[in-house]
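Remarks on the structure that follows.
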Amino acid sequence: MSARVLVGVKRVIDYAVKIRVKPDHTGVVTDGVKHSMNPFCEIAVEEAVKLKEKKLIKEVVAVSCGPQQVQETIRTALAMGADRGIHVEVSGKDYETLGPLQVSKILAALAKKEEASLIILGKQAIDDDCNQTGQMTAALLDWPQGTFASELAFEADKLKVVREIDGGLETIKIKLPAVVTADLRLNTPRYATLPNIMKAKKKKIAMVKPADLGVDVSSRLEVLKVDEPPTRQAGVKVETVEDLVGKLKEAGRV
Amino acid sequence: MANPFRAEVKQLYKALLFLGREYPKGADYFRERLRAAFAKNKDMRDPDKIKQLISRGEFVVKELEALYYLRKYRALKKRYYEAE
């Protein structure tokens, strides 16, 4: 199969870091804070690499949009087994306003340019929790989508996707080319070990600008304010059942 | 350090050091314990015992990878999925 898979990876603040809001409430503190690959993107890379190991696809291309630092994230994807990387350079103000719409336009343009037949993304990023990029990319390309995938299998020329939905699991068959977004239980991502990272240094990362792809990265959204969630109210202990009923009546719950 | 295993031991040490950066109790805590553990055995000369220690080290590498994965999986499951 001469299939090429595009995997989008996003550089986000590490999942274990305690987030702090900037004093001016315009955003979250990112300077000097540990960043890593979005966990759902790790699962996406792992799935693509697994497909390549099963010889179902030919090449895995890791893509990321952002400033110079995202190259670290692309290198991690290369260390996990991707063949080459594409760094779409977006920095400064453009990067601050970069959202799913812009990224999906970029991915759609790249998919056409690279002649990819499958795009695998993480279902959402842990920093913005948008859960939109996969869906928008599929719409822009007019490709079918298998979102919240917890299982992927090739069947003849179609892709069988088991999706995790509220009611349980849904199995669908979609034609290629397609967009798939990875859910938590799709696979167990491998750790990018030091020897693999060293080997990955030899793999190429191409640099492009959104303008080269004909994409306008201006945003129609403006962040007005960023606040911390309200602190939890302390609970109240009661002595008897009558007390409990009394308190519930006070709160208007009974 | 015994000559034939020098390269292997160094590789193991570097791999553990790399993994230790993400250790929950802190990279420094991990590095101290790692150095102490390797220093304790630096005068070992018996090749069989050295091989044993190296495989123990490789076992620790696997344990750490499993620890990191489980930590991440549990944190994400808690954050994104309703408690069943």
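The values are calculated or read from the model by the stated rules, or taken from the named source; none is laboratory data. Everything numeric in this text was worked out from a predicted model, so none of it was measured. Positions of Cβ are generated from backbone atoms using ideal geometry, with glycine treated the same way; all protein chains shown enter the neighbour counts.
See the values below:
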| item | result |
| --- | --- |
| Test: residue in the stretch A:153-160 that is closer than 29 Å to residue B:75 by Cα, among the charged types (D, E, K, R) and either more than 14 Å from chain B (Cβ to nearest Cβ) or touching a helix residue (DSSP H, G or I) at 6+ places or on another chain (Cβ under 7 Å) (or both) | yes |
| Residue within the stretch B:62-72 that is at the interface with chain A (Cβ under 9 Å from one of its Cβ atoms), assigned to a helix (DSSP H, G or I) and aromatic (Phe, Trp, Tyr) present | yes |
| Options B:15, B:37: the member that is modelled with pLDDT under 95 and away from chain A (no Cβ under 14 Å) | B:37 |
| Any helices (runs of 4 or more DSSP H) falling wholly within the stretch A:4-111 and containing at least 2 residues that are modelled with pLDDT of 95 or more and not hydrophobic (A, V, I, L, M, F, W, C) | A:39-53, A:70-80 |
| Residue count, the stretch A:28-54 (criterion: more than 14 Å from chain B (Cβ to nearest Cβ) and either of a type in the set (D, E, K, R) or on the phi > 0 side of the Ramachandran plot (or both)) | 7 |
| Qualifying residue in the stretch A:188-199 (condition: closer than 24 Å to residue A:82 by Cα, in contact with a Pro (Cβ under 7 Å, 6 or more places away or on another chain), buried (at least 18 other Cβ atoms within 10 Å of the Cβ) and at pLDDT 90 or above) | no |
| Members of the stretch A:162-187 that are among the basic types (Lys, Arg) and either exposed (fewer than 14 other Cβ atoms within 10 Å of the Cβ) or away from chain B (no Cβ under 12 Å) (or both) | A:163, A:173, A:175 |
| Strands (runs of 3 or more DSSP E) contained entirely in the stretch A:116-234, each with at least 1 residues that are touching a residue at least 40 places away in the same chain (Cβ under 8 Å) | A:118-122, A:145-155, A:158-165, A:178-182, A:205-208 |
| Residue A:126 within 14 Å of another protein chain (Cβ to nearest Cβ) and modelled with pLDDT of 95 or more | yes |
